[in-house]
Amino acid sequence: MTWRRLARGELSWETLRCRSRILEWTRAFFRERGFLEVDPPIAQPYPNIDPNVFPVQVSDAAGRTSGLYLHASPEPSMKKLLAAGSGNIFYLGKVFRNREGSPLHRPEFTMLEWYRVGEPAAAVMKDVEDLLRHLARRTTGTEEIRHGGKRIPLPHRWRRWELTEAFAELLDSPIGDTEALRTGLSGKGIRPAPAETWEDLFFRAILDVIEPVLKRMGAVFLTGFPAALAGMARRREREAGISERFEGYVAGVEIVNGYEELTDPREQEERLVELSARHERQTGVRLPVDPDLLDALRAGLPPCSGAALGMDRLVMLLLGKETIADVTCL
């Protein structure tokens, strides 16, 4: 419990004060750039649909499962606001995900999510670069963070590393070739089970091969994710199998995921139905698609890009801590 950790000195009040200031500076950063802060309901009638995210469902007073889910991301609500003409918006608050637990994962965590209307993914990547430098200056007086005993500079422009290049360089494998990927992983001493799918192998490659290299690369964006793993992202022009999605890492810690938004309502519905089916195949539970979100997309989601950033991880990095438990009241 937090009070016991505070009483024993395992969590300091100054850490919590620093965390509070970082959240305040983050809000000011976006407000000064003309963004509107929004506060959508946390309990929603439809869940976020992602085969790798497990929603938390609310129970009623008798313990019966209700028709509400705690949001895993404010994305559906924010896209409805965008379709209604909100302009640039941001959210800073709690989200919830089941089956989460590690030094970098908790079932409840604080997320920053924002959207820029009429701008490409590069614009929100610049927001990430500018925000982290700004927060580092306010927190430490430098444009760097310290992690694992090392100083990590936060340059004006982070390195971009295309996933197709990373897979070719580290695994000698095309990103979408299941057997070549299996061979590449085996060459690294990793022995995938015969039943593992391409998606299983892809995530093995990210976790066991690419992320260890990212620890030595400082601040970097992985770009060009497979479209099959970016259910709400726009496909690239002339590269139908690749999406305009990125993930940002600092010292090997993933802190942000973003993309250019898919605005075609028909394609989005098809993708959400497929994601729900994949979730059912993996868990036995079929998640319903939000018809109100589809109506909003049909009304017209403007061209836009957005990103979601884990604030607990960012605070951890800014304060030189090793786990998010060191910077949260959980």
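Numerical summary
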quantity: Selection status of R191, farther than 30 Å from D264 by Cβ, charged (D, E, K, R) and crowded, with 16+ Cβ neighbours inside 10 Å; calculated: no
quantity: Yes/no for L272 being out of contact with any Phe, Trp or Tyr (no Cβ under 8 Å at 6 or more places or on another chain), farther than 30 Å from H134 by Cα and buried (at least 18 other Cβ atoms within 10 Å of the Cβ); calculated: yes
quantity: Top-ranked residue of the range 148-163 - restricted to ones that are farther than 21 Å from L135 by Cβ and touching a Gly at 6+ places or on another chain (Cβ under 6 Å), ranked as surrounded by the fewest Cβ atoms within 10 Å (Cβ to Cβ); calculated: E162
quantity: Residue tally, condition within 19 Å of V117 (Cα to Cα) and charged (D, E, K, R), over the range 1-47; calculated: 6
quantity: Residue within the range 174-185 that is touching a residue at least 24 places away in the same chain (Cβ under 8 Å), touching a Leu at 6+ places or on another chain (Cβ under 7 Å) and closer than 25 Å to S276 by Cα present; calculated: yes
quantity: Of all residues making up the range 231-255, the number that are touching a helix residue (DSSP H, G or I) at 6+ places or on another chain (Cβ under 9 Å), assigned to a loop (DSSP other than H, G, I, E, B) and over 23 Å from L275 (Cβ atoms); calculated: 2
quantity: Among (1) under 22 Å from M125 (Cα atoms); (2) part of a loop (DSSP other than H, G, I, E, B); (3) out of contact with any helix residue (DSSP H, G or I) (no Cβ under 8 Å at 6 or more places or on another chain), the one test that T263 misses; calculated: (3)
quantity: Candidates L272, L297, L317, filtered to the one that is modelled with pLDDT of 85 or more, touching a Pro at 6+ places or on another chain (Cβ under 8 Å) and in a helix (DSSP H, G or I); calculated: L297
quantity: Single residue of the range 228-238 satisfying the filter (at pLDDT below 90 and not charged (D, E, K, R)) that is surrounded by the most Cβ atoms within 10 Å (Cβ to Cβ); calculated: A230
quantity: Residues satisfying the stated conditions in the range 275-301, i.e. surrounded by 15 or more Cβ atoms within 10 Å (Cβ to Cβ) and in contact with a helix residue (DSSP H, G or I) (Cβ under 7 Å, 6 or more places away or on another chain); calculated: L287, V289, D290, L293, L294, A296, L297, L301
quantity: Every residue from the range 89-144 that is free of Cβ contacts under 8 Å to residues at least 60 places away in the same chain, under 26 Å from V53 (Cα atoms) and buried (at least 18 other Cβ atoms within 10 Å of the Cβ); calculated: I89, Y91, V95, F96, R97
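The values are calculated or read from the model by the stated rules, or taken from the named source; none is laboratory data. Keep in mind that this is a model prediction, so the values were computed, not measured. Heads up, the Cβs are rebuilt from the backbone with ideal geometry, glycines too, and the neighbour counts pull from every protein chain shown.
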